[in-house]
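Colleague: To start, I am sharing the structure in question, which I have written as structure tokens.
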Amino acid sequence: MNQSPWDLLLSSLWPLLRGAIQGTIPLALSSFALGLALALGIALMRLSKRKLVSGIARVYISIVRGTPLLVQLFVIFYGLPSIGVLIDPWPSAIVAFSVNVGGYAAEVIRAAILSVPQGQWEAAYMIGMSHRRALSRIILPQAARVSVPPLSNTFISLVKDTSLASLILVTELFREAQQVAAFSQEFMLLYLEAALVYWVICLVLSTGQSLLEKRLDRYVAR
């Protein structure tokens, strides 16, 4: 018995939400967390006065920013097995997204660190702080406030990019939409519903970003 479009939308809503809750959001959060840790290391390498260290960071950033995320995902999931490295779909997606976030967020973090006035470094040195301690206690907290807006945008983009994981059989929001659409043959309707769910998620994240920025602005103004 064929369902009406409205009944189909209602019956398919939970599978899509389940895909978002169990797949899209955890995948985005874990990849973003790992990507930020990687980005911080790459940013510090990029700022290093050692040419070799800085050069390695430059090459990494250039490769990540100069190649499509889809290609990076396929290289990890489909390419590495050809040299004997087998990675399951979920870890493959996390590795690919983390590496990608690391390349883009590294430049954001580097720019944020450079935006901190040089006088902050000098003041830290004058009270006896080492370079590492000055970085962790004085510079990075200030850089974090500057980097919130661009890093938030990176996270929102990542949430949408997780739909690419469906191409390596990771069950997330868009994969659920594909499966329901294949069964019902209502591709346009289901893909539009998936787009709506993505939009709502990103709208919530954008609202949270705005609230966080306002809170940080009030904190800085004190």
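Colleague: Counting just the residues of the stretch 154-199 that are of a type in the set (S, T, N, Q) and either without any contact (Cβ under 8 Å) to a residue 24 or more places away in the chain or in contact with a strand residue (DSSP E or B) (Cβ under 6 Å, 6 or more places away or on another chain) (or both), which one comes out nearest to Pro89 (Cα to Cα)?
Modeller: Checking each candidate, the answer is Ser166.
Colleague: Being hydroxyl-bearing (Ser, Thr, Tyr) and over 11 Å from Leu16 (Cβ atoms) is the filter here; which residues of the stretch 156-214 pass it?
Modeller: Ser157, Thr162, Ser163, Ser166, Thr171, Ser184, Ser206, Thr207, Ser210
Colleague: Here are Leu16, Leu69, Leu36: which of them is in contact (Cβ under 8 Å) with a residue 12 or more places away in the chain, out of contact with any Ser or Thr (no Cβ under 8 Å at 6 or more places or on another chain), surrounded by 17 or more Cβ atoms within 10 Å (Cβ to Cβ) and over 23 Å from Ala106 (Cβ atoms)?
Modeller: Within the list Leu16, Leu69, Leu36, the selection yields Leu16.
Colleague: In addition: Any residue at all in the stretch 74-88 that's in contact (Cβ under 8 Å) with a residue 40 or more places away in the chain, out of contact with any Cys (no Cβ under 7 Å at 6 or more places or on another chain), part of a helix (DSSP H, G or I) and not aromatic (Phe, Trp, Tyr)?
Modeller: There is no residue in the stretch 74-88 that is in contact (Cβ under 8 Å) with a residue 40 or more places away in the chain, out of contact with any Cys (no Cβ under 7 Å at 6 or more places or on another chain), part of a helix (DSSP H, G or I) and not aromatic (Phe, Trp, Tyr).
Colleague: I'd like to verify a number: residues in the stretch 126-140 that are part of a helix (DSSP H, G or I) and either surrounded by fewer than 17 Cβ atoms within 10 Å (Cβ to Cβ) or at pLDDT below 85 (or both), how many?
Modeller: 6
Colleague: Among (1) surrounded by 17 or more Cβ atoms within 10 Å (Cβ to Cβ); (2) over 13 Å from the mean Cα position of the chain (by Cα); (3) in a helix (DSSP H, G or I), where does Thr171 come up short?
Modeller: (3)
A quick yes/no check of all residues on (1) surrounded by 13 or more Cβ atoms within 10 Å (Cβ to Cβ); (2) modelled with pLDDT of 95 or more:
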{"site": "Val59", "(1), (2)": "no, yes"}
{"site": "Val64", "(1), (2)": "yes, yes"}
{"site": "Ser82", "(1), (2)": "no, no"}
{"site": "Ile94", "(1), (2)": "yes, yes"}
{"site": "Val101", "(1), (2)": "yes, yes"}
{"site": "Ala105", "(1), (2)": "yes, yes"}
{"site": "Val116", "(1), (2)": "yes, no"}
{"site": "Ala124", "(1), (2)": "yes, no"}
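Colleague: Looking at Leu212, Leu205, Leu196, can you tell me which residue is under 25 Å from Ala43 (Cα atoms) and assigned to a helix (DSSP H, G or I)?
Modeller: Criteria check complete, one pass: Leu212.
Residue-by-condition table, conditions (1) at pLDDT 90 or above; (2) under 16 Å from the mean Cα position of the chain (by Cα); (3) under 30 Å from Gln3 (Cβ atoms):
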| position | (1), (2), (3) |
| --- | --- |
| Arg175 | yes, no, yes |
| Gln179 | yes, no, yes |
| Val197 | yes, no, yes |
| Ile201 | yes, yes, yes |
| Ser210 | no, no, no |
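Colleague: Here are Ile42, Ile25, Ile21: which of them is within 23 Å of Ala111 (Cβ to Cβ) and either surrounded by 14 or more Cβ atoms within 10 Å (Cβ to Cβ) or under 25 Å from the mean Cα position of the chain (by Cα) (or both)?
Modeller: One residue alone meets the criteria, Ile42.
The values are calculated or read from the model by the stated rules, or taken from the named source; none is laboratory data. Quick caveat, the model's predicted, so the values are computed rather than measured. So basically every Cβ, Gly included, is an ideal-geometry build from the backbone, and we count neighbours across all protein chains shown.
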